[in-house]
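One structure below.
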Amino acid sequence: MRITELLEGVAGAGEFGVWLGRLDGTAVLAYDAERTHYAASTMKLPVAIAMMREVEAGRLDLDQALTVHNDFPSAGGGRFGLSEANDDSKTVWQEMGNEVTLRWVATNMITVSGNLATDLVLDLVGIDKANAVLAEFGSGRSAIRRCIDDVRARDAGINNEMSAADLAAVLVAVGNDKAASAESCAYVRDLLAANEWNDEIPKLLPAGTRVEHKNGWDDRVRHDGGIVRPADADPFVLSVCTSSSLPDETAQALIADIAAEVFAHRHDLTAVR
């Protein structure tokens with residue numbers, strides 16, 4: 001009953017969603033998994049998939065050059081620029097006005113969760129195509145409606161949403177080479193495995209365990225979803241979304257504890273409750 005106890009221990013502090021299942025998409029545990037939350041940076045996974053689909057179609061090339069800029073169309077009308085202070089990755093900002101490759105920007109988007117990097121990719125791919133990826137594999141409740149840090153759109157009530165179940169569904173698609181070509185899915189999985197922010201799902205797992213995950217955070221929000229590949233058991237998919245009044249470190253620890261409990265039952269996921 002460990003996971004139930006963990007969630008009951010924070011009951012009343014906010015909203016929590018958990019989806020656990022096998023890599024084939026078979027659910028083992030779902031706890032309020034359909035409830036949507038502000039997506040934060042979890043939306044960067046569908047963006048990466050949409051980008052690779054454009055690469056496959058020949059409309060984009062990972063090695064093409066693009067100029068780093070900070071001027072984008074707002075989903076709320078007009079244009080906007082991001083705040084460097086709100087971006088956890090400063091690397092792309094240091095190249096403002098310079099030419100870089102799409103591959104380099106995409107790496108920054110996923111491995112260090114760069115916000116400017118994400119909007120540069122979205123500027124090429126388009127919000128509709130990123131949302132189409134999420135809609136294809138998800139329930140229809142989650143959606144990508146705007147760029148990161150689009151304050152004008154946010155103030156108009158236009159936001160990105162994600163549920164634990166839909167994040168897991170996209171991960172299942174990537175893990176089974178269904179989201180794009182096998183080569184493209186492998187590329188995205190390698191980006192996820194290189195994620196440098198590892199204080200949620202990977203935190204308490206044995207060193208060297210491959211975790212292909214994308215997390216996201218904002219005020220009162222802390223999420224993580226990933227494919228966990230134990231060395232001695234079949235891979236599993238775990239997605240946890242939290243929107244709460246918990247201190248951020250407590251929300252991170254909750255996700256890490258859930259992942260550790262699942263890992264302890266990796267040989268028989270049906271024992272997880």
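Assorted remarks:
- Residue among 253, 264 that alone is under 13 Å from residue 199 (Cβ atoms) and either without any contact (Cβ under 8 Å) to a residue 60 or more places away in the chain or out of contact with any Leu (no Cβ under 8 Å at 6 or more places or on another chain) (or both): 253
- Positions within region 231-250 being farther than 15 Å from residue 21 by Cβ, touching a His at 6+ places or on another chain (Cβ under 9 Å) and outside any strand (DSSP E or B), in sequence order: 232
- The residues of region 206-230 that are more than 19 Å from residue 173 (Cα to Cα), open to solvent by less than 20 Å² (accessible area, probe 1.4 Å) and of a type in the set (A, V, I, L, M) amount to a single one, 221.
- Just so you know, in region 38-73 the residues that are open to solvent by 20 Å² or more (accessible area, probe 1.4 Å) and among the hydroxyl-bearing types (Ser, Thr, Tyr) include one that is farthest from residue 226 (Cα to Cα), and it is 67.
- Verdict on residue 113 being modelled with pLDDT under 95 and either of a type outside the set (Phe, Trp, Tyr) or open to solvent by less than 50 Å² (accessible area, probe 1.4 Å) (or both): no
- In the set (1) at negative phi; (2) assigned to a loop (DSSP other than H, G, I, E, B); (3) exposed (fewer than 15 other Cβ atoms within 10 Å of the Cβ); (4) out of contact with any helix residue (DSSP H, G or I) (no Cβ under 7 Å at 6 or more places or on another chain), residue 196 fails one condition alone, (4).
- Long-range neighbours under 7 Å by Cβ, at least six apart or interchain, first residue farther than 17 Å from residue 160 by Cβ within region 69-95, second open to solvent by 50 Å² or more (accessible area, probe 1.4 Å) and of a type in the set (A, V, I, L, M): 70/96
- Tally, over region 231-262, of residues that are touching a strand residue (DSSP E or B) at 6+ places or on another chain (Cβ under 8 Å) and surrounded by fewer than 19 Cβ atoms within 10 Å (Cβ to Cβ): 5
- Qualifying residues in region 1-37 (those that are within 17 Å of the chain's Cα centre (by Cα) and open to solvent by 60 Å² or more (accessible area, probe 1.4 Å)) - the one farthest from residue 234 (Cα to Cα): 35
- Only a single item in (1) touching a residue at least 40 places away in the same chain (Cβ under 8 Å); (2) assigned to a helix (DSSP H, G or I); (3) not β-branched (Val, Ile, Thr) is not met by residue 226, and it is number (2).
Matching residues to (1) open to solvent by 60 Å² or more (accessible area, probe 1.4 Å); (2) over 27 Å from residue 100 (Cβ atoms); (3) touching a helix residue (DSSP H, G or I) at 6+ places or on another chain (Cβ under 9 Å); (4) modelled with pLDDT under 95:
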{"site": "121", "(1), (2), (3), (4)": "no, no, yes, no"}
{"site": "126", "(1), (2), (3), (4)": "no, no, yes, no"}
{"site": "129", "(1), (2), (3), (4)": "yes, no, yes, no"}
{"site": "136", "(1), (2), (3), (4)": "yes, yes, yes, no"}
{"site": "141", "(1), (2), (3), (4)": "yes, yes, yes, no"}
{"site": "144", "(1), (2), (3), (4)": "no, no, yes, no"}
{"site": "147", "(1), (2), (3), (4)": "no, no, yes, no"}
{"site": "162", "(1), (2), (3), (4)": "no, yes, yes, no"}
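- Number of the exception - residue 173 against (1) open to solvent by 20 Å² or more (accessible area, probe 1.4 Å); (2) of a type in the set (A, V, I, L, M); (3) in contact (Cβ under 8 Å) with a residue 12 or more places away in the chain; (4) not in a loop (DSSP other than H, G, I, E, B): (1)
The values are calculated or read from the model by the stated rules, or taken from the named source; none is laboratory data. Computed from a prediction, not measured in an experiment: that's the story for all the values here. Positions of Cβ are backbone-derived with ideal geometry, glycine not excepted, and every protein chain shown enters the neighbour counts. Side chains included, ligands, DNA and RNA excluded: accessible areas come from the protein's heavy atoms. Shrake-Rupley method; radii C 1.70, N 1.55, O 1.52, S 1.80 Å.
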